[in-house]
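**Q** Here you go, one structure.
We did not get these values from a lab; they are worked out from the coordinates using the rules stated. As the structure is a prediction and not an experimental result, all values here were calculated from the model. Neighbour counts run over all protein chains shown; Cβ positions are idealised from the backbone, glycine included.
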Amino acid sequence: MRDDVAHKAVKCPVCAAAMTQRNPDWWHVCGACGMQASTLQPAFDDTPMEEMFDWEQRETAFAPLRQANAEKLLDRLEKVAPPPARLLDVGCAEGWFVQAACARGYEVQGLEPDERMARKADKTLNIRAGFFPDALGRAEGFDIIVFNDVFEHLPDVRAAMRACEKHLAPKGILVINFPNALGGIYRLSCVAARLGFSGPFRRMWQQDYPSPHLTYFTPATLLTLAESAGLGEKCRFALPAMEPAELWARIRCDRSRSLAYSIAAWTSVMGAMPLLAMMPSDISVQMFAKTARNGPARRRKKNPEVS
């Protein structure tokens, strides 16, 4: 079973307050800090990725934007942690970011929990199969740790944040690229769900996927979590979530979607484009720096870099 809908108390991973169960009943929201979480269950072994996706369509849909965003992220990263720094890419999938970082001169270790996905990667790339942080040696350290669309899939984000602090070198940099709960597409999917059209909302949480979203952060809630682990914010910025020219291929790469659903989804998103252009991007990036070990995070800047 991928959906865990047991009626049990869920504590906020950021502030530890009790979260309120919403509809659908796997969705929980913290009334204290606004954090969102799900009780959906990963099922890597139950649903082979090869059966879920048209891989040719998937590459057409995702590769150009992911690669372009990787270059933008690396442009920023080079200013604060230039190569040849040692970089860990957690949940590296096929290795698109690993490849881009290697080309910049970084010493890169990729880590991918899905062994089948790791096998699809270029064999010349340094990619290890395993989960973060279990697959790392106790003393293994990095100058940079990167999560690209991965942190929101982790079952214990508080423990993961502490592990990042532990495995970062002094003055090391943590980069988290994540879906923003303030993003336009996500917020419109919430509106649609309240009107009885829950498909887009369930898709935003990747409910039927082997690795669904378990959390939805805002920049503020992610900052609070990072500071609790002794990490201070250096900057934050947005990246584009999609390109209209690639939207059809993105929808159609999921083999579970009917043609009628795909047409309706494409029409809805394209029609919403003028509104989405005025709303925050659905992809946010934050960079954090390791502060004094075991000490409190530095006082946050009033106006961290935002663009």
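**Q** Nearest 20 debye, what's the magnitude of the dipole of segment 54-290 about its Cα centre given +1 on Lys and Arg Cβ and -1 on Asp and Glu Cβ?
**A** Working: 28 positive and 27 negative charges, 64 e Å.
Computed charge dipole of segment 54-290: roughly 300 debye.
**Q** Exposure proxy check: Glu165, Glu152, Glu140 ranked by fewest other beta carbons within 10 Å? Display every interim value, and only then the final one.
**A** Numbers: Glu165 20, Glu152 25, Glu140 13.
Listed from fewest to most nearby Cβ atoms, that is Glu140, Glu165, Glu152.
**Q** If we count every other residue with Cβ under 11 angstrom of Glu107's Cβ, Lys/Arg +1 and Asp/Glu -1, where does the sum land?
**A** Working: positive: Arg86, Arg104; negative: Asp143.
Every neighbour counted, the sum reads +1.
**Q** If each residue of separation counts as 0.36 nm, what is the full-extension length gain between Val80 and Ser198 once their alpha-carbon separation is subtracted?
**A** Details: separation 118, 0.36 × 118 = 42.48 nm, distance 4.14 nm.
Value of the extension gain: 38.3 nm.
**Q** Give the calculated FRET efficiency between Asp25 and Ala63 to the nearest 0.05, with a Förster radius of 41 Å applied to their Cβ-Cβ distance.
**A** Numbers: r = 36 Å, r/R0 = 0.87.
After rounding to 0.05, the efficiency reads 0.70.
**Q** If I take R0 = 30 Å and measure r between the Cβ atoms of Asn126 and Ala238 in this structure, what FRET efficiency does the formula 1/(1 + (r/R0)^6) give, to the nearest 0.05? Please list the in-between numbers first.
**A** Working: r = 30 Å, r/R0 = 0.99.
The calculated FRET efficiency here is 0.50.
**Q** Say R0 is 30 Å: what FRET efficiency, to the nearest 0.05, do Thr267 and Glu71 get from their beta-carbon distance?
**A** On the way: r = 31 Å, r/R0 = 1.04.
About 0.45, to the nearest 0.05.
**Q** Between Met278 and Ala18, what is the label-to-label distance in nm when each label sits 7 Å out along the Cα-to-Cβ direction?
**A** Taking the two extended label points, one gets 4.0 nm.
**Q** Could you give the length gained on full extension between Ala260 and Gln41, defined as 0.36 nm per residue of separation minus the Cα-Cα distance, in nm? Write down the numbers at each step before the final one.
**A** Numbers: separation 219, 0.36 × 219 = 78.84 nm, distance 2.80 nm.
Once the chain is fully extended between Ala260 and Gln41, it gains 76.0 nm.
**Q** For Ala32 and Ala220 in one chain, what is 0.36 nm times their gap in residues minus the Cα-Cα distance, to one decimal in nm?
**A** On the way: separation 188, 0.36 × 188 = 67.68 nm, distance 1.26 nm.
So the extension gain works out to 66.4 nm.
**Q** So, one more: Of the listed pairs Lys72/Lys234; Lys72/Lys171; Lys79/Lys290; Lys72/Lys166, which have alpha-carbon separations greater than 18 Å here?
**A** Among Lys72/Lys234; Lys72/Lys171; Lys79/Lys290; Lys72/Lys166, the Cα-Cα distance tops 18 Å for Lys72/Lys171; Lys72/Lys166.
**Q** Another question, if that's okay. Could you work out the relative contact order of segment 54-290? I mean the mean sequence separation of Cα pairs under 8 Å and 6+ apart, divided by the number of residues, in percent. Could the numbers behind the result be given before it?
**A** Numbers: 383 pairs, mean separation 53.9, N = 237.
Normalised by residue count, the contact order of segment 54-290 is 23 percent.
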